[in-house]
Structures are given as C-alpha cells and as structure tokens.
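Okay, so here's the structure we're looking at.
The values are calculated or read from the model by the stated rules, or taken from the named source; none is laboratory data. This is a predicted model, so every value here is computed, not measured. Reconstructed Cβ throughout: ideal geometry from the backbone, glycine too, with neighbour counts over all protein chains shown. The area values use the complete protein model at the heavy-atom level, side chains included, leaving out ligands, DNA and RNA. Shrake-Rupley method; radii C 1.70, N 1.55, O 1.52, S 1.80 Å.
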Amino acid sequence: MFQVLELAAMASYPELAELGRITLRERIEGLFASYDTPGRLWYVAEDPDGAPLGGLWVNPGMHPILERPEAVIVAVAVHPHVRRQGIAQALLEHMRSELAQHRLESVRLFVHPDNLAARRLYERLGFQVSTLELTLS
C-alpha cells in the first residue's frame, strides 16, 4: 500500500521529494499513521497481474464538531501511467455505494487547490467546496 500512499502524498505535497533529514518513506508512513484508525477502509484497483494501479483510503466515523456520521477520505491516488482512465472515479463510486449501504452519506476530503484534475473529478461526483484553508508561510 505504500505505493498508493506515496502517490497521494506526492500529488498534494511535491516538495516532499526535496526534504532531507528522514527518508520519504518514513515521512509518509508517519503522516498516514496519524490517520490510521480502527474501521478504516481500503479500496485498491489492480491490473490483471495484481499490481496496484490506484487506491482509496477512507475513515468512517463521526464529524468532530457536528457529531454526525461521516467518512473522511484520507488518500486517493492513481499511478501516473494510468491516470485519466476512470480509475479514481470507479474507486470513489464503489466507496460511495458501500458507504450508502451503511447509511453513511456524508463524505469529506481535502484536496490541494492546484490539483485541478482532482477537483474537477470530485465536483463532477457531487463534492462541493465547504471550507477554505489558509496558511501563512
């Protein structure tokens, strides 16, 4: 699964490749360990030989403020050589269908504002911007 996590992290934070001190693998494992909760769900798209083409990680739970059932998508990633072939959309639609069976309809995710392809996909699937994060660097 590290390949999927690496793709997701690098898509959102390309500057990770330039950081030193600890390895990229250690950095990504630490980042995603903070989201590794009981009940997490993995969806993986594989080629006919079983190699991962993409994946989706979602954590069902409760909204931390509104105290309503929701799921938070932690990572969505597709290998660069198979992007724009509907893999991310298929993963998201499959996840949504499974969550709906458990009456979990509210789903949140975070996406880098410059990731226009991902934003278009999410909006096409019904996601709407509800929060804007601002940072001071």
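Quick look at the numbers
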| quantity | calculated |
| --- | --- |
| (i) 2, 8, 13, 13, 10, 10, 10, 10, 10, 7, 4, 2, 1, 0, 0; (ii) 2, 10, 19, 25, 23, 13, 5, 2, 0, 0; (iii) 2, 9, 18, 23, 21, 17, 8, 3, 1, 0, with the label sought being that of the calculated P(r) over Cα pairs in 5 Å bins from 0, in percent | (iii) |
| Accessible surface of the range 36-116 [probe 1.4 Å, protein heavy atoms]: carbon and sulfur percent | 52 percent |
| Gyration tensor (alpha-carbon) shape descriptor, the range 76-137, a/c threshold 1.5 | oblate |
| Accessible surface, the chain, averaged per residue in Å² (probe 1.4 Å) | 69 Å² |
| Cα gyration tensor shape for the range 62-111, rounded if a/c is under 1.5, else prolate or oblate | oblate |
| The chain - charge dipole about Cα centre, Lys and Arg +1 at Cβ, Asp and Glu -1, debye rounded to 20 | 280 debye |
| Exposure rank, largest accessible area first [HIS81, HIS102, HIS112; 1.4 Å] | HIS102, HIS81, HIS112 |
| Selected from GLU70, GLU18, GLU93 as most flexible by GNM, with the chain as the system and alpha-carbon contacts under 10 Å | GLU18 |
| Surface accessible to a 1.4 Å probe, ARG40 within the full protein complex, Å² | 100 Å² |
